[in-house]
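Below is one structure; the comments refer to it alone.
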Amino acid sequence: MMYFGNLVIGAASTSSASSSSASMIWTFLPFVALIALLYFMMIRPQRKKEKQTQSMREAVQVGDNIITVGGVIGRVVTIKEDAIIIETGADRSKMQIKKWAIQSVETMHDSDFQK
């Protein structure tokens with residue numbers, strides 16, 4: 001009889017252990033789901049947009065019309081490693097800006113139509 005009593009006690013403790021681990025999984029499941037939702041709704045699209053912006057800045061060519069972050073509109077005259085020189089206005093004044101300051105490129109190239 002004693003042996004049977006130990007089995008019952010052992011089975012009850014095993015049941016409560018699996019019950020507590022299942023309860024722990026259900027406790028953390030909403031947090032995991034929230035982190036996954038934040039990744040797919042915020043982080044992933046932001047990284048994709050950053051990659052597109054970086055590739056747009058790297059694809060700038062001489063003669064492109066650009067708009068800078070500060071709102072300056074100009075035409076690319078010279079491209080250096082991390083900076084470009086643009087000319088603006090009717091008097092064609094030139095200014096040097098960093099590539100990270102390019103907000104958008106307004107010129108369409110033949111390669112843009114093939115995408």
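Nothing in this text is a laboratory measurement; each read-out follows from the coordinates by a stated rule. Bear in mind the structure is a predicted one, so any value in this text is a computation, not a measurement. Glycine gets a Cβ as well: all are built from the backbone with ideal geometry, and neighbour counts include every protein chain shown.
What to note about this one:
- Of the set (1) over 19 Å from E106 (Cβ atoms); (2) of a type in the set (A, V, I, L, M); (3) touching a strand residue (DSSP E or B) at 6+ places or on another chain (Cβ under 9 Å), all apply to M42 but (3).
- Of everything in segment 62-98 that is touching a residue at least 40 places away in the same chain (Cβ under 8 Å) and surrounded by 11 or more Cβ atoms within 10 Å (Cβ to Cβ), the residue that is farthest from H109 (Cα to Cα) is I66.
- Wholly enclosed strands (runs of 3 or more DSSP E) of segment 33-108 bearing at least 1 residues over 21 Å from the mean Cα position of the chain (by Cα) and of a type in the set (D, E, K, R): 73-79, 83-88, 93-98
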